[in-house]
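Working notes for the structure below.
Read-outs throughout are calculated quantities, based only on the coordinates presented, and are distinct from any laboratory measurement. Because the structure is predicted, anything quoted here is derived from the model rather than measured. Ideal geometry is used to build each Cβ from the backbone, glycine not excepted, and the neighbour counts take in all protein chains shown.
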Amino acid sequence: MSLLTILLIPVISLIIVLAIMPLLRIIALKVHLVDKPNARKAHKGQVPLIGGLAIFFATFASVLVAAPSWQSIHTISFMLIAAGILLLIGVIDDKADLRASLKLTIQIALAYFAFINGFRIETFYGIFGIYEIPIFAQYVITVFVITGVVNAFNLMDGIDGLAAGLAFIAFALFGWMAFLTGQYMLLSLFLSLIGALIGFMRFNFSTKVKVFMGDAGSLFIGLIMVLSAISLLQAAQGTSDIQLVLSVVVGVLALPVFDSLRVYRRRAKNGYSPFRADRTHFHHLVLQLGIKQRSATLLIITISGLLIALSIAIGTITSLTLVIISLILAFIGISWMLSLNSRVLYWKEKVLKMEKS
């Protein structure tokens, strides 16, 4: 793939998003595909939930333009079809608020078909001394990981620019890995997504023409992300690049996955459903530092970047087991400090109410 092609693909995707977003905003407002303010949401007015649709259309069109032949698209066809199906489910959910159990069932079904189509976790790469795993365990672990990562990324879409920023970093690094392993159609996909995400953020940060990604966008991007991660690991298996690819994949997924596990554990501990909406996500804890949304987004992306850098630094010189342990300890430390601040604020407000009464 030439340097000119690498530069043109994201530009084409960016232009498409900038061109179609105004029209999609008008349609979304007419059909009431909007996000309304409530007790958990800080935005004002009705915001169109069509960012995900714009990203998908731009990505798909750019990939078609970049593909040297129809046969080459076949290597990522299942990924695009599965992500497109989840995008449609997300649009319906944004409009009609589907039951969590139904969405999870559909995600599990897509994860099953992904496994059938060759997206499989066949080894633990030496984590805690485990390498090859039995076929049934491969199936269970693959389905669990795909559905888990999709929902983990969905939970990160809580403040302006956060999901898009994290996805931008992920696909930039995945693009590097795709180039190293010779996966040029995957590279085209990542470049298309990068351009589309830049275009989306132009509107997401706007005050006059704001749009949200919606569940459609976060679910679609989450599925692309986890299937890409598995595909990159399979491509690097048995090569000298495997340690670097492993380190990048683990680092990229660390923050969303660890935070989702923390949130699910907290909800279960308090006797609630793991899928019950609340304000205990990582971005909520960061916002309680008293900073604005854009500053919170930048801080969280920086934290994710540091976790990725830690993963690469440790993973390229030692075992993946030590990488996992290091990332867990780092995340626990950061979360503990943020939670401590949250508890201080809680008791401060409680004392003030007592003094007033």
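Structure above, values below:
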| quantity | calculated |
| --- | --- |
| Entries in Lys210/Lys350; Lys292/Lys350; Lys208/Lys348; Lys95/Lys350 that, when Cα-Cα distance is taken, lie over 31 Å | Lys210/Lys350; Lys208/Lys348; Lys95/Lys350 |
| Cut-off under 5 Å, modelled amide H: who pairs with Asp35 long-range | Val47, Leu49 |
| Shape category assigned to region 1-109 from the gyration tensor of Cα positions, a/c cut at 1.5 | oblate |
| Shape box of region 214-357 [Cα atoms, principal axes, largest first, Å] | 68, 33, 31 |
| Protection-proxy order for peptides 190-196, 219-225, each taking the mean of Cβ atoms within 10 Å per residue, highest first | 219-225, 190-196 |
| Cα gyration tensor category, rounded, prolate or oblate, for region 137-220 with a/c compared to 1.5 | oblate |
| Hz values of 3J(HN,Hα) by residue in region 262-272 - Karplus curve (6.51, -1.76, 1.60), Gly and Pro given as x | 4, 5, 4, 4, 5, 5, 5, 4, 8, x, 9 |
| Overall Cα dimensions of region 192-243, principal axis frame, Å, largest first | 51, 19, 16 |
| Test item: Cα-centred dipole of region 3-280, Lys/Arg +1 and Asp/Glu -1 on Cβ, debye | 1100 debye |
| Selected from Ser260, Ser101, Ser342 as most flexible by GNM, with the chain as the system and alpha-carbon contacts under 10 Å | Ser101 |
| Calculated [θ] (222 nm, deg cm²/dmol) that DSSP helices of n ≥ 4 give over the chain, each run adding -39,500 (n - 2.57) | -26000 deg cm²/dmol |
| Overall form of the chain per C-alpha gyration tensor (a/c, 1.5; a/b vs b/c) | oblate |
